[in-house]
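As structure tokens, the structure follows; a few thoughts come after it.
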Amino acid sequence: MGVTGSNLVQGPAILYYGAYQAAEPADSAVATAPASAWSDLGGTDDGITLSIGREFSELSIDQVLYIIATQPTKVDPVIKTSLAEATLANFAKAMNGGTVVTSSGYSTYDPDITEANFQPTYFALIVDGWAPGSAKRRRVIARKCLSIESIESAYKKDGKFMYPVSMRVHYIDSSTKPFHIVDAT
């Protein structure tokens, strides 16, 4: 059996949040934390998942039993996690905006209810995790994201209060890829 043990990957990742079109770290800096344009979203629970949903359309004809061809019709990359640090700043990110104000002894959150809310503010994400190889790092840069999950959090005596988030990765233009993955070698 030709198994290379160092190609097996296990362990946590760090999720960073940045403005849409924030300066991306160089590929050569894959093993170092991103610059100050990126903020760590803190602890997560149950991992960080990159899901790439794909849909296809089958082409068939009456005279042949087999499918003649299959054409892609949709690609839907989504980054999912639960933000375990239940701050108002993280809530605002899960809600794609709003206003957080910190004062002496308290903080507040107010949602954006203006017409501007119909034109969402996109953001970028970086997932820094492990790559194949001995102690090597992998970085996933998602360049244009929007939180699409309904926010449902519970206060429970035997569980954490968290913000579940699903952040869809969107098309930008014909010369900019929606996401980029780099592995340290």
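The values are calculated or read from the model by the stated rules, or taken from the named source; none is laboratory data. Keep in mind it's a predicted model, so treat the numbers as computed, not measured. Glycine gets a Cβ as well: all are built from the backbone with ideal geometry, and neighbour counts include every protein chain shown.
Values computed for the structure shown
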quantity	calculated
Spans of strands (runs of 3 or more DSSP E) in region 43-122 with at least 2 residues crowded, with 16+ Cβ neighbours inside 10 Å and at pLDDT 95 or above	44-59, 69-83
Those residues of region 164-185 which are in a loop (DSSP other than H, G, I, E, B) and out of contact with any Lys or Arg (no Cβ under 8 Å at 6 or more places or on another chain), in sequence order	SER174, SER175
Odd one out for SER6, checked against (1) under 25 Å from ALA124 (Cα atoms); (2) among the polar types (S, T, N, Q); (3) in contact with a strand residue (DSSP E or B) (Cβ under 9 Å, 6 or more places away or on another chain)	(1)
Selection count, region 21-42, where residues are under 13 Å from the mean Cα position of the chain (by Cα) and among the aromatic types (Phe, Trp, Tyr)	0
Close pairs (7 angstrom Cβ cut-off, 6 or more residues apart or separate chains): in contact (Cβ under 8 Å) with a residue 60 or more places away in the chain and part of a loop (DSSP other than H, G, I, E, B) in region 140-163, among the small types (Gly, Ala, Ser) and surrounded by fewer than 11 Cβ atoms within 10 Å (Cβ to Cβ) anywhere	PHE161/ALA154
Hits in region 10-22 (condition: in a loop (DSSP other than H, G, I, E, B) and surrounded by 13 or more Cβ atoms within 10 Å (Cβ to Cβ))	ALA13, TYR20, GLN21, ALA22
